[in-house]
Structures are given as structure tokens and as C-alpha cells.
Amino acid sequence: MKISTGAEFYDNDETFLAYTKRRQQKENANDTIEKPVILQLLGDVTDADVLDLGCGNAGFGVELLEQGCFSYTGVDGSINMINAAQQQLSNYPNARALHESMEHYTPPCTEYDLVTARLSLHYMEDLASIFTKVNQALKPEGRFIFSVEHPVITSTLQPSALRTNWTVDNYFSMGFRQQHWMGGYVQKYHRTLEEYFSLMQKSGFTVTHLKEACPQKEHFDSAETYERRMRIPLFLLMSGVKNR
């Protein structure tokens with residue numbers, strides 16, 4: 001049984017196809033729960049230089065470019081994702097996608113107004129160094145906005161299915177967990193909510209928002225799906241401003 005890192009997981013062609021199909025499903029959790037909160041935290045991105053860590057296929061980047069950001073740089077460790085991203089961004093001369101692992105990528109200093117990382121950081125072990133590099137990459141008073149799987153989910157990862165109950169266990173024991181997901185096994189790193197908050201502060205950020213992505217009824221066509229999503233938080237989101 002092979003247990004993959006995040007990038008390895010998406011570079012398996014069968015897994016990548018399964019993930020792509022899931023993201024296209026109506027009322028998928030990313031679009032109905034996580035994305036509305038990200039857009040709320042973003043606000044106006046006009047003329048912003050944006051760095052997107054774990055950019056995936058850069059669909060989010062296209063949206064930011066259409067909203068008027070000045071430049072967009074997407075970074076992802078999966079070659080499947082980067083190939084898709086480069087295709088998406090091909091019509092935008094002020095955009096690029098880089099095939100780099102977040103652990104080893106060092107962005108230029110004081111280059112960006114905004115750094116985002118959507119559902120990618122829970123694959124990373126050394127988050128402290130990534131947060132420090134993000135801080136260094138931002139211009140004075142630049143913003144950092146990220147989302148991760150909620151710690152109550154990552155504490156005890158279970159097969160991704162339509163569950164009717166959940167287990168929260170070993171919550172304060174941080175470290176890698178493995179999950180059987182979309183036909184494969186992937187590693188995700190569990191951290192407490194307190195740890196995410198503390199890492200932001202230690203890396204030179206003032207945390208401005210903490211959100212748990214409470215589902216909003218207007219984003220769902222199915223009342224049954226909405227009620228199910230109200231039972232447990234799936235995502236944690238934070239935004240911070242560079243203070244040093």
C-alpha cells in the first residue's frame with residue numbers, strides 16, 4: 001500500500017481524474033462552503049500582485065485575474081495540476097504557474113500584496129518555515145489568507161463518504177495522518193486550531209479573521225445536503241496582515 005504526499009497523490013492519473021470529477025459535482029463542499037468565505041475575506045483584489053500556494057489547476061487564479069489583480073503567480077508540486085494551470089492561464093500575459101513544492105519554494109522578498117493557500121497547507125509538515133517565507137514575500141501590510149481541512153476532521157481522518165457520524169480523537173497529538181480517499185492513500189498533517197493561530201503570530205502576522213466556514217443556505221439547492229453540512233465544520237480559514 002503506497003501512502004502518497006499531496007503532490008504524489010494528484011500525480012496519479014486515476015486519482016487526478018477522480019478529483020477533477022468530484023470538483024465538477026454540483027454542491028461540492030469546496031464551492032458551496034469554502035469558496036464563499038474565501039471570497040468574503042479577499043475583498044477587492046484590484047491591482048494586487050498575488051501569489052497562490054498550492055494553486056491546483058489555477059481556476060481560482062483566473063477568477064482573480066478577471067477581478068482585476070495586477071499579476072498572478074501559482075505554485076504547485078503536482079505536474080498534473082501545473083499542466084492544467086498553464087493551460088488555464090495561457091491567455092493571461094500577467095500570469096504564470098510554477099512547478100515547485102511549497103516546502104522548497106522560496107518566493108522573492110516583498111513582491112506580493114496578497115498570498116493565498118486554499119486547502120493545500122494541511123499536506124505540509126514544516127508549516128513554520130512556509131509561513132515565514134510567506135511573510136517575507138509580502139509587501140508591508142500585505143495579506144495572507146489560507147484555508148485548511150478543519151482540525152476536527154484531520155484529527156481522525158476517515159474514508160471520504162456520505163457519513164452520518166464522525167469521530168474526533170487524538171486531537172492534541174499533532175502529526176501525519178493517512179486517509180483512504182478517492183481510491184488511494186494520502187498523508188495529511190493534523191494541527192490544532194491553536195497551533196495554526198500560534199504559527200501565524202510567531203511568523204509575524206496579526207490575525208485579522210478566523211472562520212470555520214459555517215454553511216449558508218443560499219449556496220445549496222438541496223435542503224438535505226445543507227442540513228448534513230451543518231453538522232460538523234469541514235474547513236478552517238484565517239487571514240492575517242504582515243506586521244514585520
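The values are calculated or read from the model by the stated rules, or taken from the named source; none is laboratory data. None of the values given here were measured: they were computed from a predicted structure. Here Cβ is always computed from backbone atoms with ideal geometry, including for glycine, and neighbour counts include all displayed protein chains. Ligands, DNA and RNA are excluded from the accessible area calculation, which covers all protein heavy atoms including side chains. Shrake-Rupley method; radii C 1.70, N 1.55, O 1.52, S 1.80 Å.
Brief remarks follow.
- Those residues of the stretch 45-79 which are closer than 14 Å to residue 144 by Cα and out of contact with any Phe, Trp or Tyr (no Cβ under 7 Å at 6 or more places or on another chain), in sequence order: 45, 53, 54
- Scoring residue 172 on the criteria (1) open to solvent by less than 40 Å² (accessible area, probe 1.4 Å); (2) in a loop (DSSP other than H, G, I, E, B); (3) hydrophobic (A, V, I, L, M, F, W, C); (4) over 21 Å from residue 25 (Cα atoms) leaves a single failure, condition (1).
- Filter pass, residue 57 being part of a loop (DSSP other than H, G, I, E, B) and open to solvent by 60 Å² or more (accessible area, probe 1.4 Å): yes
- Among the candidates 27, 66, 34, the residue that is loosely packed, with under 13 Cβ neighbours inside 10 Å and either within 17 Å of the chain's Cα centre (by Cα) or over 21 Å from residue 134 (Cα atoms) (or both) is uniquely 66.
- Any hit, the stretch 76-89, residues being free of Cβ contacts under 8 Å to residues at least 60 places away in the same chain, touching a helix residue (DSSP H, G or I) at 6+ places or on another chain (Cβ under 9 Å) and part of a strand (DSSP E or B): no
- Screening residue 201 with (1) at pLDDT 95 or above; (2) open to solvent by less than 30 Å² (accessible area, probe 1.4 Å) gives one miss only, at (2).
- Filtered by the rule that a residue be surrounded by fewer than 13 Cβ atoms within 10 Å (Cβ to Cβ), part of a helix (DSSP H, G or I) and either of a type in the set (A, V, I, L, M, F, W, C) or in contact (Cβ under 8 Å) with a residue 40 or more places away in the chain (or both), the stretch 214-240 gives a lone residue, 223.
- Subset tally (residues that are surrounded by fewer than 16 Cβ atoms within 10 Å (Cβ to Cβ), outside any helix (DSSP H, G or I) and not acidic (Asp, Glu)) for the stretch 102-142: 7
- Number of the exception - residue 180 against (1) part of a strand (DSSP E or B); (2) buried (at least 19 other Cβ atoms within 10 Å of the Cβ): (2)
- Checking each residue of the stretch 92-99 against the condition of being in a strand (DSSP E or B), charged (D, E, K, R), within 25 Å of residue 241 (Cα to Cα) and in contact (Cβ under 8 Å) with a residue 12 or more places away in the chain gives at least one match.
- Among (1) out of contact with any helix residue (DSSP H, G or I) (no Cβ under 6 Å at 6 or more places or on another chain); (2) in contact (Cβ under 8 Å) with a residue 40 or more places away in the chain - the single one residue 211 does not satisfy: (1)
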